[in-house]
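Read through the structure below, which is laid out as C-alpha cells, and then see the notes.
The values are calculated or read from the model by the stated rules, or taken from the named source; none is laboratory data. Only a predicted model underlies this, so the values are computations on that prediction, with no experimental measurement involved. Because the Cβ atoms are built from the backbone with ideal geometry, glycine has one as well, and the counts that use them run over all protein chains shown.
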Amino acid sequence: MIELKHLGKTYRTADQEIVALDDINLTIRDGEIFGIIGLSGAGKSTLVRCINLLEVPTSGEVLVDGRSLTKLSRAELLKLRQSIGMIFQGFNLLEQRSVLRNVCFPLEIAGVNKQEAKKRARELLELVGLSDRETSYPSQLSGGQKQRVAIARALATNPRYILCDEATSALDPNTTRQILELLRQINKDLGVTIVVITHEMKVIDQICDRVAVIDHSHIAEEGRVSEVFTNPRSEIARNLIIPRERTVLETDGGKRLRLKFDGETTSGPHIAEMILACQAPVSILMANTKELDGVIYGYTIIELPTDSHQADKIILWLRNSGIAFEEVE
C-alpha cells in the first residue's frame with residue numbers, strides 16, 4: 001500500500017517560491033489501478049515523482065508498505081525502489097542498447113548476473129509481445145513498441161508497484177488502447193498495483209478503479225471512477241469529463257437538465273418513455289456514456305420545452321422514475 005500524508009512540494013528560485021503540491025493525502029490500495037488526473041501544471045507529474053522520491057517532498061510523508069521513504073538511508077531507498085517500476089511519457093530508452101539490453105539494464109544495476117538477466121528479459125519481452133524484436137534498437141521501433149519495451153523494463157525487478165507518468169500521451173488512440181489493455185492484463189495476472197498519471201479522462205475510463213482529481217496543487221476530489229464520472233463534485237472534474245470545447249448546442253428552448261445514469265438506471269428507453277408519458281417534446285443536446293466493469297454509466301443533457309406546464313410534467317416524471325438529474329446552465 002502507498003500512503004501520502006500531508007505531502008507538500010515547493011520549488012524555490014532566487015526570487016520566488018512555487019508550490020507544486022500542497023497537503024496531499026491519498027491511499028493507494030494493493031492490487032488496484034489508481035488514476036491521478038489533472039490539467040497541465042496541476043502538479044500530477046510532481047506527485048508521481050514524489051512517490052519514489054525522484055522528487056524529494058518539502059513536507060509530509062510517503063509510506064510504501066508502511067516504510068517512510070524520507071527516513072531511509074540511500075542504500076535502503078535504492079533497494080526499495082526495485083519494488084517500484086516507472087514508465088515515462090518519452091519512453092526513456094537507451095538508444096545505444098538493443099531492446100534486450102534495455103530490459104536487462106535495471107537487472108544489471110541490481111547485480112543480477114548476465115545469464116539470469118537475459119532470461120528474465122526474454123520472459124518479459126514475450127509478455128509484452130516483442131519476443132521477435134530483442135535485437136532491434138529503439139530507433140527501429142514504433143512508439144507503441146517503445147512503450148512496450150519500457151513496460152518490460154519496468155517489470156524487470158518484479159516490482160509491486162508501477163508508476164505511469166503520462167505513459168500514453170505520445171501515442172495514437174489505437175496504440176493507447178492496446179497499451180492500456182496490456183497494463184490491465186499485467187495488473188490482473190501479476191497483481192501489480194498501478195498508478196496512472198494522465199490529463200485524459202478516456203484513459204481513466206478504460207483502466208482505473210479509483211481516481212483522484214488534482215487542481216492547482218490540491219486534491220479536488222477522489223472516488224471510484226464510476227462515481228466521479230456520473231456525479232463530479234468539483235468544477236475541474238466537470239470540465240475534464242465535459243471539456244469546454246465540447247459545448248452543447250446553442251438553442252432557444254427552456255431549462256436544460258443533465259440526466260445521470262449510474263448503472264442501475266441505464267437499461268430501457270427512458271427518454272422515449274418520458275416523451276410518450278408526458279406528451280411533451282425534448283431536445284437532446286449532448287450525451288456521453290462509458291462502460292466500466294461491464295456496467296454503463298454516463299449522462300445526457302436535454303432541453304425542456306418552453307411551456308412551463310410541459311416542463312413541470314417532465315421533471316415530475318423523472319423524479320418518480322428515480323432518474324437522477326440536475327439543472328445546468
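Taking region 231-253 as the search range and keeping residues that are at pLDDT 80 or above and either assigned to a loop (DSSP other than H, G, I, E, B) or among the hydroxyl-bearing types (Ser, Thr, Tyr) (or both), which one is surrounded by the fewest Cβ atoms within 10 Å (Cβ to Cβ)? Top of the filtered list is 233.
In region 260-282 there is no residue that is over 24 Å from the mean Cα position of the chain (by Cα), modelled with pLDDT of 85 or more and part of a strand (DSSP E or B). Looking across 93, 47, 39, 53, one residue alone is farther than 19 Å from residue 7 by Cα and crowded, with 17+ Cβ neighbours inside 10 Å. It is 93.
If you go through region 147-156 one residue at a time, do you hit one that is free of Cβ contacts under 8 Å to residues at least 12 places away in the same chain, out of contact with any Pro (no Cβ under 6 Å at 6 or more places or on another chain) and assigned by TED's automatic domain parsing to the domain that holds residue 82? Spell out how you get there, then give the answer.
Within region 147-156, the first condition is being free of Cβ contacts under 8 Å to residues at least 12 places away in the same chain, and the residues that meet it are none.
No, the conditions are met nowhere in region 147-156.
Yes/no matrix, rows are residues, columns are (1) without any contact (Cβ under 8 Å) to a residue 40 or more places away in the chain; (2) surrounded by fewer than 18 Cβ atoms within 10 Å (Cβ to Cβ); (3) within 22 Å of residue 1 (Cα to Cα):
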site	(1), (2), (3)
164	no, no, yes
171	yes, no, no
177	yes, yes, no
183	no, no, yes
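Please verify whether residue 172 is more than 25 Å from residue 160 (Cα to Cα), assigned by TED's automatic domain parsing to the domain that holds residue 143 and acidic (Asp, Glu), treating the condition exactly as stated. Considered against the rule, which asks whether it is more than 25 Å from residue 160 (Cα to Cα), assigned by TED's automatic domain parsing to the domain that holds residue 143 and acidic (Asp, Glu), residue 172 comes out as yes. Here residue 30 meets the list (1) within 20 Å of residue 65 (Cα to Cα); (2) crowded, with 22+ Cβ neighbours inside 10 Å almost entirely, failing just condition (2). With respect to (1) charged (D, E, K, R); (2) in contact with a Cys (Cβ under 7 Å, 6 or more places away or on another chain); (3) free of Cβ contacts under 8 Å to residues at least 24 places away in the same chain, the lone exception for residue 9 is condition (3).
Conditions (1) more than 20 Å from residue 183 (Cα to Cα); (2) free of Cβ contacts under 8 Å to residues at least 12 places away in the same chain; (3) in contact with a Ser or Thr (Cβ under 7 Å, 6 or more places away or on another chain), marked per residue:
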site: 67; (1), (2), (3): yes, no, no
site: 81; (1), (2), (3): no, no, no
site: 105; (1), (2), (3): yes, no, no
site: 131; (1), (2), (3): no, yes, no
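Those strands (runs of 3 or more DSSP E) of region 1-96 in which at least 3 residues are of a type in the set (Val, Ile, Thr), considering only elements entirely within it, cover 17-28, 33-37.
Of the residues making up region 49-65, those that are closer than 27 Å to residue 190 by Cα and touching a residue at least 40 places away in the same chain (Cβ under 8 Å) are 49, 50, 51, 52, 62, 63, 64, 65.
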